[in-house]
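A short worksheet on the structure shown next.
The values are calculated or read from the model by the stated rules, or taken from the named source; none is laboratory data. What you see is a predicted model, and the numbers here were worked out from it, not measured in a lab. When we count neighbours, we look across all protein chains shown, and the Cβ atoms used for this are built from the backbone with ideal geometry, even at glycine.
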Amino acid sequence: MSTSPVRVRFAPSPTGMFHVGGARSALYNWAVARQSGGTFVLRIEDTDTARNRPEWTQGIIDALAAIGISSADPTFEGPYFQSENAGRHQEASLRLYATGRAYYCDCTREQLKERTGSEHLGYDGFCRERGLEFAEGRALRFRTPDEGETVVEDLVRGKPIFPNASIEDFVIARGDGSPVFLLANVVDDLDEGITQVIRGEEHLSNTPKQQLLWEALRATPPVWGHLPVIVNEKRQKLSKRRDKVALEDYLADGFLPEAMVNYLMLLGWGPGDDREIMPYEEMERLFRIEDVNTSPAFFDVKKLTAFNGEYIRALSPEAFIAACAPWLTQPRAPWRAEAFDAAVFAEVAPLAQTRLTLLSEITGNVDFLFLDEPVFDEASWSKAMKPGAAELLRDVRAAYANVGWHADELKIVLTAVGERHELKLGKAQAPVRVAVTGRTVGLPLFESLEVLGRDQTLARLDAALLRLSEV
Ligand code: GLU
């Protein structure tokens, strides 16, 4: 194996949101680079001009930064842009032609189908010995060896062997002279001195072709590592049409970046013991690309959500408040900006911290404190406001008008009122909670009432009594 310093790369195409599979590839490459004092190159493969947009490139850079892959780290190099290396791609394609490793071809798809009887058999080599020269519309094809085999050294999959006879003479430059992905990708890896190509399994079928290109360009191919496909609960490959796949969407829904990183690192790899929740630094130290397995990795949103809950609970109170901040301001927050009171929020934050699995749930837990009146969840209302609820609320209202305003006293009083109505505390709480917060579930009730204050609590009990008398 080569002893040159490790240079890995992440080479996304900026054609959409940042796929969680891409995030995993990036993290594995990052870990490999960092643990060996190597370099992580970011290369934006922006040659598909019809589908590229500059904002997607920025989205990739921002999403990488969110999961700790930062351009400020000396491990990081780039971004390079594939489009800026177009001259070198063309040079390579012409060199392959000049050295007899590639030939021009003017076959149409129809002609090929007529000859082979199928669209799926690959190119039959018809133009190999025709000696065609470049002309507009002629594709350049790489002449693959007829004999022997191409052995791919893959850190994840061992040594997959591809008989050369099964590799068709594939196109390396289109009829307009522009090089295709297979070639551009190799030339960039070569120019950037990449030593290990770690990427998704969907590229494995490209690898023997690319390895032949490396050899034809008289360079030692990199070591490869193809990461297992990521599947949903139906064992289908995760797809953006069917599944939630964008890292940005997970972050926007209140998944903590640290939880995402932890979960993504485990999609195909584990530390070898039963531990799952682990700081990134430790995973980086333990990660071995050779230990990545080949079976499909199940993207289990439930498990990810459970991880997220653990990460939320592990935050310091200050960090929790800071992490909630984006949900406490407009446009995410449902209350008027002036109605928000950071000190009030800080009082209830510890109560919320133990209950959330997603940061986005914070607004629903605390909105009763900042909205002028609670928004009633109708299902909660009908569940809690059973016959007798009005009488109970009236008695609670009367008792709460005079009690000392502390959670424990509020509880004692409600317990006593409940007993008079032959209701256990849990049952007596329900109509009070709905009257005050709008919902049957939420933060511990008596602490919530204490923070909300007597005036607001009584006003809401009155409003609920009015609402009950109207129906
Ligand atoms: N641009 C390719 C992709 O996004 C990268 C392939 C590779 O990593 O070699 O799939």
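Quick notes on this structure:
- Scanning segment 428-466 for residues that are charged (D, E, K, R) and surrounded by 15 or more Cβ atoms within 10 Å (Cβ to Cβ) yields 433, 439, 447, 450, 454, 460.
- Some residue of segment 247-258 being free of Cβ contacts under 8 Å to residues at least 40 places away in the same chain and either among the charged types (D, E, K, R) or within 14 Å of the ligand (Cβ to nearest atom) (or both): no
- In the set 169, 146, only one residue is under 28 Å from residue 197 (Cα atoms), surrounded by 15 or more Cβ atoms within 10 Å (Cβ to Cβ) and among the acidic types (Asp, Glu); that residue is 169.
- Residues of segment 23-39 classified as more than 17 Å from residue 77 (Cα to Cα) and surrounded by fewer than 23 Cβ atoms within 10 Å (Cβ to Cβ), total: 0
- Residue that is modelled with the lowest pLDDT, among those in segment 10-30 that are within 12 Å of the ligand (Cβ to nearest atom) and either closer than 16 Å to residue 291 by Cα or among the polar types (S, T, N, Q) (or both): 15
- First in segment 34-61 and among the hydroxyl-bearing types (Ser, Thr, Tyr), second anywhere and in a strand (DSSP E or B) and within 11 Å of the ligand (Cβ to nearest atom), Cβ under 6 Å, 6 or more apart: 57/44
- Among the residues listed as 195, 207, the single one being in contact with a Phe, Trp or Tyr (Cβ under 6 Å, 6 or more places away or on another chain) and within 16 Å of the ligand (Cβ to nearest atom): 207
- Only residues that are modelled with pLDDT of 95 or more, more than 15 Å from the ligand (Cβ to nearest atom) and of a type in the set (Gly, Ala, Ser) were counted across segment 210-236, and they come to 1.
- Residue match in segment 287-298 (condition: part of a helix (DSSP H, G or I) and either closer than 14 Å to residue 27 by Cβ or at pLDDT below 95 (or both)): yes
- Residue 122 satisfies every condition listed in (1) at pLDDT below 95; (2) touching a strand residue (DSSP E or B) at 6+ places or on another chain (Cβ under 9 Å); (3) small (Gly, Ala, Ser) except (2).
Per-residue answers, yes or no, for (1) within 44 Å of the chain's Cα centre (by Cα); (2) of a type in the set (D, E, K, R); (3) assigned to a helix (DSSP H, G or I):
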position	(1), (2), (3)
414	no, no, yes
417	no, no, yes
429	yes, no, yes
433	yes, yes, yes
442	yes, no, no
446	yes, no, yes
450	yes, yes, yes
468	no, no, yes
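- Each residue in segment 354-379 was checked for being part of a helix (DSSP H, G or I) and either touching a His at 6+ places or on another chain (Cβ under 6 Å) or over 22 Å from residue 453 (Cβ atoms) (or both), and 5 of them qualify.
Each row is one residue, and each column tells you yes or no for (1) more than 17 Å from residue 348 (Cβ to Cβ); (2) at pLDDT 95 or above.
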position: 369; (1), (2): no, yes
position: 375; (1), (2): yes, no
position: 379; (1), (2): yes, yes
position: 386; (1), (2): yes, no
position: 394; (1), (2): yes, yes
position: 400; (1), (2): yes, yes
position: 409; (1), (2): yes, yes
position: 412; (1), (2): yes, yes
position: 417; (1), (2): yes, yes
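- Neighbours by Cβ (under 9 Å, 6+ apart or cross-chain): first from segment 186-202, closer than 15 Å to residue 215 by Cα and aliphatic (A, V, I, L, M); second more than 8 Å from the ligand (Cβ to nearest atom) and at pLDDT below 95: 186/219; 187/179; 190/219
- In segment 168-181 there is at least one residue that is within 16 Å of the ligand (Cβ to nearest atom) and assigned to a helix (DSSP H, G or I).
- Qualifying residue in segment 31-49 (condition: in a strand (DSSP E or B), within 9 Å of the ligand (Cβ to nearest atom) and β-branched (Val, Ile, Thr)): yes
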